Amino acid sequence: MQISDLIIKKNNKKRLSQDEIKFFIDGAVNGTIEQKDIVRLLKAIYDFGMTNNETSDLALAMCDSGERLHFDETIIDKHSTGGVSDSTSLIIVPILASLNYKIVKMSGKSLGHTGGTVDKLHVFDDIQTEKNHQQILKLLEQTNACMIEQSKTLVPADKIFYTLRDETGLVDSIPLIASSITSKKLASGADVVLFDVKCGDGAFFSDTKKAKKLARLMTHIMKINKVKSKALITDMTQPLGKNIGCNLEMVEVIEVLNGKEGRLKSLCIELATRLICMTDKTKYKDAKQKVLLALSSKLALKKFEEIMSAQNANIEKIVNPELIEVAKINHKVCASKCGYIEKICTKKLGQIVNIMSDKNDRNVGIKMNVEIGDFVDKNCELFTVFYNDKVQLQKVKNELKNLVILSDKFVKKNKLILRVVR
Ligand code: URA
């Protein structure tokens, strides 16, 4: 078999067989297929798609590119398809672990314009996010949870594809996203999974039809692999939290674990509650009560410290979030007139923060002071920008002015959950 034949086949809109997909994954991981050819085939998949069966074969082959974990206890998990200011995992994992549920959360780095959980975890000095089976077992025993990333032994195919897709813009593809996410869930031994499929300008799909298709495909792949799953389609027409950028987002995570209200907290409560209901048939009202108590009692905050500490992180910054460094130069961007916030160009906001951080500088970012449906007076503060570069700051400031659209007419607040897909 030759990789060039598979690339030609996919470019001719033909289906790849299970053996061909396995050949691709094996070659990508053991280095016999060159990076440029991996990208060519990923591009052909991006351009011409895959059937549900091909995507399912791809997910399974990616999962089996490394070790597949098995545990005696029920492992639960959630996964977001990616959004702006989406730090839900960092809040949900400690909530559920504090309630004695076991979670092996395998996440990725920033992808396209969206932020990555792994980048945010590295706000804490010395944290270790690559773990093997034995180490994961120990972490589960110690704290009920771990927050890890793909590695040479866990879904290495996804680690390779994820980076290449990010570098080459091959991100917003239903088969590539579905296989990337479900391969990680299968490899990490999850028994119950809730997918948070983002929909809107800040997601990879703003079209509800595509979001639904992605949701159905992921739940289908889970079903044929005997994993219980559901998906929620959730709003990403505006950043979920108020802060965008690694350090700022971690500050907000700690604020939410300390009680700060808002859309980020509301969605975390909803996702954690529904995951509990799916796991042990607890009634919705009782599950929500438990989740609220985990937050209000600060047990979830304590659990976050424990989980991070068990992964070698210095937790000083959780105890004293003011130690989380934020760029010193800041500037406010204000409304040029009064009106209701009608639209926030969320993808563009994510892209701007990515450029500002150059994917490495964690202390830059944007704080949003408004959300869709708010009424603002002229000169009301819309954003605060935190940057290290005075010259570039001017440019960002000018761009940001056009990213909030105001209306003279009343604008309704957006619903957080758009639909449930089983
Ligand atoms: N999250 C992932 O893990 N993979 C994707 O492709 C998109 C979001």
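The values are calculated or read from the model by the stated rules, or taken from the named source; none is laboratory data. These numbers were taken from a predicted model, which means no experiment stands behind them. Counting neighbours? That spans all protein chains shown, and the Cβs are built from the backbone with ideal geometry, glycine included. Accessible surface areas use protein heavy atoms only, side chains included; no ligands, DNA or RNA. Shrake-Rupley method; radii C 1.70, N 1.55, O 1.52, S 1.80 Å.
Tabulated data for the structure shown
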quantity: Heavy-atom accessible area per residue - region 3-49, 1.4 Å, Å²; calculated: 57
quantity: Folded to 0 to 90 degrees: helix 88-98 orientation relative to the chain principal axis, Cα; calculated: 80
quantity: Using alpha-carbon coordinates, inclination of helix 156-168 to the longest axis of the chain, degrees; calculated: 50
quantity: In sequence order, calculated HN-Hα J values of region 231-241 (Karplus, 6.51, -1.76, 1.60; Hz; x Gly/Pro); calculated: 9, 10, 8, 10, 6, 10, 7, 8, x, 5, x
quantity: Pairs beyond 30 Å (Cα-Cα), from Lys185/Lys328; Lys78/Lys159; Lys102/Lys413; Lys102/Lys198; Lys265/Lys317; calculated: Lys185/Lys328; Lys102/Lys413
quantity: Principal axes of the chain: Cα extent on each, largest first, Å; calculated: 64, 46, 39
quantity: In degrees, nearest ten, helix 208-224 long axis to first principal axis of the chain (Cα); calculated: 40
quantity: Cut-off under 5 Å, modelled amide H: who pairs with Lys198 long-range; calculated: Thr81, Gly82, Thr234
quantity: Per residue solvent-accessible surface (Å²) - region 75-321, probe of 1.4 Å; calculated: 32
quantity: MRE, 222 nm, helices only [DSSP H, n ≥ 4, -39500 (n - 2.57), over the chain, to nearest 500]; calculated: -15000 deg cm²/dmol
quantity: Mean accessible surface per residue for region 325-407, computed with a 1.4 Å probe while every protein chain stays in place, in Å²; calculated: 51
quantity: Given charges at beta-carbon only (K, R positive; D, E negative), |dipole| of the chain in Debye; calculated: 1540
quantity: Rounded Å value of the spacing that divides the Cα centres of region 268-324 and region 203-258; calculated: 18
quantity: Summed side-chain charge close to Ala300 - residues other than Ala300 whose Cβ falls under 12 Å, Lys, Arg +1, Asp, Glu -1; calculated: +3
quantity: Sum of side-chain charges, Ser179 neighbourhood, beta-carbon under 10 Å (Lys, Arg +1; Asp, Glu -1); calculated: -2
quantity: Magnitude of the charge dipole, region 325-407, Cβ model with Lys/Arg +1 and Asp/Glu -1, debye to 20; calculated: 220
quantity: Dipole of the chain [Lys/Arg +1, Asp/Glu -1 at C-beta], most positive-end residue of Phe124, Asn363, Ser297; calculated: Ser297
quantity: Listed residue (Ile174, Val227, Gly115) projecting farthest to the positive dipole end of region 115-228, Cβ model; calculated: Val227
quantity: Solvent-accessible area, 1.4 Å probe, carbon plus sulfur percent, for the chain; calculated: 48
quantity: Cubic angstrom per residue, convex hull over Cα atoms of region 3-49; calculated: 60
